Every structure is written in C-alpha cells, then in structure tokens.
Amino acid sequence: MLNVNEHRQKMTIPEKRVVIALGNQFRGDDGAGLFVADQLRKRHIACEIIDNISDALAIMTAWENAAFAVIVDAMITGKPPGTILRIDTDAGPVPKDLARCSSHGMGVAEAIDLSKAMGRLPVHLVIYAIEAKTFEPGIALSPEVLRAAETAAQQIEAEMELG
C-alpha cells in the first residue's frame, strides 16, 4: 500500500512546473505578484505561469499534479517594504500568521491545508512573499517593491531552470 507521499509522487506530472502569481494590479503594491508573472513571461522560462486567481480552489487547481510550484504574492507583515520572504514548504510548515498578511481572504494557507489533507500538494512548493508598502488604490508599485519584484523574478527564474 502506498503512503500519501508515494501516492503524490506517482500522480505527479514530472515535468510540470508552475508559477502562480497572486495580486491585484489596481491596489498598489498588491500587484507585485502580477509584475513578477509579466517579467517571467518576457523571459520565456519553461514553466506554466498562472495569474489573476486569488481563492484557495483556484490555487489548488493551478498546482494540481505539479512537480514544482512557486507562489508569489505581496504581503504586509511589518518588515521593511521590499523584503522578500522565501518559504520552502519542504523545510517546514508555512507560518499560520502569514495568511493574515495577504490581501486575499481565503488563499494560500487554506489551499496548502486542503491540498495536504487530500494528498494533493505539489511535490515541491515554494512561496515568495514580497513585503508591500501599501495596498491603497493605484496602479504603480512603490520603488522598494518594484526592486524586490525584479529580484524575485530573477530568483524564481533560476529556481525553475534548476527544476
């Protein structure tokens, strides 16, 4: 009989790699994830890039059967704007208080919990949380967040190339 992890690896499409970008481009720094997605598309990296989703079910559908998934989102945690927090779920659980820092009601933390319970997490899951300055209405990223989003795009590209 297969345990949950063995079953998950058998059901995975080995080459499926996906970047899931969350955010709202009309709420200032909340558009950081979408900016990263645009940068990655311009670089033509070998992975699926999905954006404009923000609920747990859509996130779970996006990473279904993935060998490697990256989520990128803007959050307000109290760190200096532009700070990049990289969370590798292989290294331990996602901090529960992180869910309250995103602008999305039911999202990443819930998707992880539900997928874990159903044995449907990606084999490897990494979260890039970019510290926002503001989620106020507007279309421009603050300078600190813009620089961080460019850096996050470079880091994600490198991770996707390594597979």
#### Entry: Summed side-chain charge close to Ile130 - residues other than Ile130 whose Cβ falls under 9 Å, Lys, Arg +1, Asp, Glu -1
-3
### Message
Taking amide H atoms as placed 1.01 Å from N in the peptide plane, list the residues 5 or more away in sequence, or in a different chain, whose amide H sits under 5 Å from that of His124.
### Response
Phe68, Ala69
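Taking the mean number of other Cβ atoms within 10 Å as a proxy for protection, how do you rank 140-153, 38-51 from highest to lowest? Please report the intermediate quantities before stating the final value.
Numbers: 140-153: 19.3, 38-51: 16.1.
Those peptides, ordered most packed to least, come out 140-153, 38-51.
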### Message
Output wanted: per-residue J couplings in Hz (rounded whole) for region 36-46, from phi through Karplus 6.51 cos²θ - 1.76 cosθ + 1.60, θ = phi - 60°, x for Gly and Pro.
### Response
4, 4, 4, 4, 5, 4, 5, 8, 6, 6, 7
### Message
Taking amide H atoms as placed 1.01 Å from N in the peptide plane, list the residues 5 or more away in sequence, or in a different chain, whose amide H sits under 5 Å from that of Gly138.
### Response
Arg27, Gly28
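Bear in mind these aren't lab numbers, they're just calculated from the coordinates by the rules spelled out. None of these values were measured; they are calculated from a predicted model. Cβ atoms come from the backbone with ideal geometry, glycine included; neighbour counts cover every protein chain shown.
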